[in-house]
Amino acid sequence: MNPQKTNVNFEVSYLKKSMIKGTFNKVDGTINYDENKPQNTTVRFTVYTDSVDTDLKPRDYFIRRKELLNTKQYPTIKFTSSGAKLKNPREGHVTGKFNALGQSKPMTVKVTLTDVYTQSKTEPSALKFKATALVNRHDFGVTAFPGIFGTTIPIVITGELMPAK
């Protein structure tokens, strides 16, 4: 995975009338994709919670607080895969454990291969992907501010898989 070309975006309803959109600016991870046996794909992905960015610094500080992301006690959110299934050559699902706020829950992530390209004839192909998942914040004990923030938060990750050298 290329962290410089990977984006982790989210949106959450606010006061049931609008959406707050944001991103996490610091991510890390590895994706081992086997083109011949995609079901053997493995994923380890880490998001650094204090890198939350909604384009409004006071709101970012608010989201980092103990009742929401609790970034001081839980500096990372992690996903570790346990299996992968292809629906077709460009779409599939990756299952695994989502770890946030000291809790681990099962998660299924929909993954779409959006592009395959080569930078030169001598290098293997790079892959662009989009992964989407839904997180219910109540499942992780984040129940503060009901009626202000939505419960289900869509997360969209876009990025590139660079060939191993």
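The values are calculated or read from the model by the stated rules, or taken from the named source; none is laboratory data. What you see is a predicted model; the values in this text were computed from it and never measured. Glycine also receives a Cβ, built like all others from the backbone with ideal geometry; neighbour counts cover every protein chain displayed. Accessible surface areas use protein heavy atoms only, side chains included; no ligands, DNA or RNA. Shrake-Rupley method; radii C 1.70, N 1.55, O 1.52, S 1.80 Å.
Starting from region 82-103, take each residue that is among the hydroxyl-bearing types (Ser, Thr, Tyr) and list its partners that are in a strand (DSSP E or B) and crowded, with 16+ Cβ neighbours inside 10 Å, counting only C-beta distances under 7 angstrom and pairs at least six apart or across chains.
Pairs that qualify, where the first residue is among the hydroxyl-bearing types (Ser, Thr, Tyr) and the partner is in a strand (DSSP E or B) and crowded, with 16+ Cβ neighbours inside 10 Å, are Ser82/Gly96; Thr95/Ser81.
Here are Thr71, Thr151, Thr122: which of them is without any contact (Cβ under 8 Å) to a residue 40 or more places away in the chain, under 25 Å from Tyr14 (Cβ atoms), open to solvent by 40 Å² or more (accessible area, probe 1.4 Å) and among the polar types (S, T, N, Q)?
One residue alone meets the criteria, Thr151.
Among the residues of region 116-148, which ones are of a type in the set (Gly, Ala, Ser) and within 21 Å of Thr41 (Cα to Cα)?
Answer for region 116-148, where residues must be of a type in the set (Gly, Ala, Ser) and within 21 Å of Thr41 (Cα to Cα): Ser125, Ala126, Ala131, Ala133.
Regarding Gly22, is this residue farther than 21 Å from Asp115 by Cβ, open to solvent by less than 90 Å² (accessible area, probe 1.4 Å) and assigned to a strand (DSSP E or B)?
For Gly22, the condition - farther than 21 Å from Asp115 by Cβ, open to solvent by less than 90 Å² (accessible area, probe 1.4 Å) and assigned to a strand (DSSP E or B) - is met.
Is one or more of the residues making up region 40-58 touching a helix residue (DSSP H, G or I) at 6+ places or on another chain (Cβ under 9 Å), modelled with pLDDT under 95, not aromatic (Phe, Trp, Tyr) and not in a helix (DSSP H, G or I)?
Looking for residues that are touching a helix residue (DSSP H, G or I) at 6+ places or on another chain (Cβ under 9 Å), modelled with pLDDT under 95, not aromatic (Phe, Trp, Tyr) and not in a helix (DSSP H, G or I), one finds none in region 40-58, hence no.
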